[in-house]
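The values are calculated or read from the model by the stated rules, or taken from the named source; none is laboratory data. No experiment lies behind these values; they were computed from the predicted model shown. Please note: Cβ atoms are built from the backbone with ideal geometry, for glycine as well, and neighbour counts cover all protein chains shown. Please note that ligands, DNA and RNA were not included when accessible areas were found on the heavy atoms of the full protein model with its side chains. Shrake-Rupley method; radii C 1.70, N 1.55, O 1.52, S 1.80 Å.
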Amino acid sequence: MDTLVRTTRGLHPAESTRRLTVPDGMTAPMGCDAVAVPAHFGPLVLPRLPRVGCVYADEAHWWWIVPSDSDHALEWPAPARYAIGAVVPDSPRSPDLIHRPDGTVPYTPPIPLYLTLCRLTGTTPTWSRPVSA
(Lines give C-alpha, C1' and ligand atoms only; values in the text may rest on other atoms or scores of the structure.)
Protein backbone atom coordinates (compact mmCIF):
# COMPACT_ATOMS: atom_id res chain seq x y z
CA MET A 1 0.00 0.00 0.00
CA ASP A 2 1.54 3.32 -1.09
CA THR A 3 1.44 6.25 1.27
CA LEU A 4 2.50 9.84 0.61
CA VAL A 5 4.52 11.50 3.34
CA ARG A 6 3.51 14.94 4.54
CA THR A 7 6.58 17.05 4.86
CA THR A 8 5.77 18.46 8.27
CA ARG A 9 3.12 16.69 10.36
CA GLY A 10 2.34 13.08 9.58
CA LEU A 11 1.16 10.96 6.73
CA HIS A 12 -1.38 11.36 4.00
CA PRO A 13 -3.72 8.40 4.11
CA ALA A 14 -3.58 5.83 1.35
CA GLU A 15 -5.93 6.51 -1.55
CA SER A 16 -8.03 3.38 -0.91
CA THR A 17 -9.34 4.59 2.46
CA ARG A 18 -12.88 5.89 3.03
CA ARG A 19 -13.21 9.70 3.04
CA LEU A 20 -16.00 12.07 3.90
CA THR A 21 -17.16 13.79 0.75
CA VAL A 22 -18.31 17.35 0.32
CA PRO A 23 -21.98 17.46 -0.76
CA ASP A 24 -22.87 18.32 -4.36
CA GLY A 25 -22.93 22.06 -4.96
CA MET A 26 -20.31 22.78 -2.28
CA THR A 27 -16.65 23.58 -2.81
CA ALA A 28 -13.67 23.12 -0.51
CA PRO A 29 -11.15 25.74 -1.64
CA MET A 30 -8.91 25.12 1.39
CA GLY A 31 -8.99 21.31 1.22
CA CYS A 32 -10.72 19.12 3.79
CA ASP A 33 -9.74 17.53 7.04
CA ALA A 34 -12.14 16.40 9.74
CA VAL A 35 -12.40 16.35 13.51
CA ALA A 36 -14.17 13.38 15.09
CA VAL A 37 -15.63 13.18 18.57
CA PRO A 38 -17.48 10.37 20.31
CA ALA A 39 -21.17 10.50 19.40
CA HIS A 40 -22.29 11.51 22.90
CA PHE A 41 -20.33 14.78 22.55
CA GLY A 42 -22.01 15.76 19.26
CA PRO A 43 -25.24 17.22 20.66
CA LEU A 44 -23.20 19.12 23.27
CA VAL A 45 -20.87 20.68 20.70
CA LEU A 46 -23.37 21.69 18.04
CA PRO A 47 -25.27 24.46 19.89
CA ARG A 48 -22.04 26.03 21.20
CA LEU A 49 -20.61 26.86 17.77
CA PRO A 50 -21.20 30.22 16.07
CA ARG A 51 -21.18 28.60 12.62
CA VAL A 52 -21.54 24.93 11.78
CA GLY A 53 -20.33 23.47 8.51
CA CYS A 54 -20.95 19.94 7.30
CA VAL A 55 -21.37 17.46 10.12
CA TYR A 56 -21.47 13.71 9.58
CA ALA A 57 -22.42 11.04 12.09
CA ASP A 58 -22.41 7.31 12.57
CA GLU A 59 -23.19 5.26 15.67
CA ALA A 60 -19.79 5.93 17.24
CA HIS A 61 -18.68 9.42 16.13
CA TRP A 62 -19.68 12.84 14.86
CA TRP A 63 -17.34 14.38 12.27
CA TRP A 64 -16.88 18.11 11.53
CA ILE A 65 -15.33 19.21 8.23
CA VAL A 66 -12.57 21.78 8.78
CA PRO A 67 -10.05 23.34 6.37
CA SER A 68 -6.89 21.34 5.72
CA ASP A 69 -4.07 21.91 8.21
CA SER A 70 -6.42 22.94 11.03
CA ASP A 71 -4.14 20.90 13.29
CA HIS A 72 -1.23 23.29 12.71
CA ALA A 73 0.25 24.62 15.98
CA LEU A 74 -2.35 23.03 18.25
CA GLU A 75 -3.22 19.65 19.71
CA TRP A 76 -6.86 18.60 19.57
CA PRO A 77 -8.01 17.43 23.00
CA ALA A 78 -8.70 13.76 23.63
CA PRO A 79 -11.00 12.05 22.89
CA ALA A 80 -11.25 14.13 19.69
CA ARG A 81 -9.37 12.74 16.69
CA TYR A 82 -8.01 14.83 13.84
CA ALA A 83 -8.35 13.14 10.45
CA ILE A 84 -6.08 14.38 7.67
CA GLY A 85 -7.93 14.24 4.37
CA ALA A 86 -11.26 13.68 6.17
CA VAL A 87 -10.52 9.95 6.35
CA VAL A 88 -12.97 7.85 8.37
CA PRO A 89 -11.05 4.92 9.86
CA ASP A 90 -12.64 1.74 11.16
CA SER A 91 -16.11 2.47 9.84
CA PRO A 92 -18.12 -0.22 8.04
CA ARG A 93 -19.88 2.49 6.01
CA SER A 94 -19.64 6.21 5.39
CA PRO A 95 -21.20 8.37 8.10
CA ASP A 96 -24.44 10.17 7.21
CA LEU A 97 -24.55 13.91 6.59
CA ILE A 98 -26.63 15.30 9.48
CA HIS A 99 -26.01 19.03 8.99
CA ARG A 100 -25.40 20.97 5.80
CA PRO A 101 -24.78 24.70 6.09
CA ASP A 102 -26.35 27.32 3.87
CA GLY A 103 -24.02 28.40 1.09
CA THR A 104 -21.31 26.54 -0.72
CA VAL A 105 -18.52 26.20 1.88
CA PRO A 106 -18.51 23.06 4.07
CA TYR A 107 -16.26 24.23 6.90
CA THR A 108 -16.83 24.58 10.61
CA PRO A 109 -14.40 27.26 11.85
CA PRO A 110 -11.68 25.25 13.60
CA ILE A 111 -10.80 27.61 16.45
CA PRO A 112 -14.33 27.80 17.94
CA LEU A 113 -14.60 24.01 17.51
CA TYR A 114 -11.24 23.51 19.24
CA LEU A 115 -12.16 25.82 22.15
CA THR A 116 -15.57 24.16 22.54
CA LEU A 117 -13.98 20.72 22.69
CA CYS A 118 -11.42 21.95 25.23
CA ARG A 119 -14.20 23.30 27.42
CA LEU A 120 -16.29 20.11 27.18
CA THR A 121 -13.33 17.86 27.95
CA GLY A 122 -11.90 20.04 30.73
CA THR A 123 -8.70 20.52 28.73
CA THR A 124 -6.68 23.71 28.92
CA PRO A 125 -6.13 24.99 25.36
CA THR A 126 -2.52 24.69 24.28
CA TRP A 127 -1.01 26.76 21.54
CA SER A 128 2.43 26.33 20.12
CA ARG A 129 4.46 28.64 18.00
CA PRO A 130 5.57 27.38 14.63
CA VAL A 131 9.27 26.58 14.62
CA SER A 132 11.13 28.96 12.36
CA ALA A 133 13.61 27.40 9.98
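Of the listed residues L113, L46, the order by accessible area with a 1.4 Å probe, largest first, is L46, L113. Residues T123, T108, sorted by accessible area with the largest first, give T123, T108 [1.4 Å probe; ligands and nucleic acids excluded].
When each of the peptides 68-78, 51-61, 22-32 is scored by how many other beta carbons lie within 10 Å of its residues on average, the order from highest to lowest is 51-61, 68-78, 22-32. Sorted from longest to shortest, the spans of the Cα atoms of region 18-133 along the three principal axes equal 38, 33, 29 Å. State whether region 25-91 is rounded, prolate or oblate according to the following rule on the C-alpha gyration tensor (a ≥ b ≥ c being the square roots of its eigenvalues): a/c under 1.5 gives rounded; otherwise a/b larger than b/c gives prolate, and the remaining case gives oblate. Here region 25-91 falls in the rounded category.
Residues H99, H40 ordered from highest to lowest accessible area at a 1.4 Å probe: H40, H99. Specify the inter-centroid distance of region 49-80 and region 17-48, based on alpha-carbon positions, in whole Å. First find each Cα centre; the distance between them is then 6 Å.
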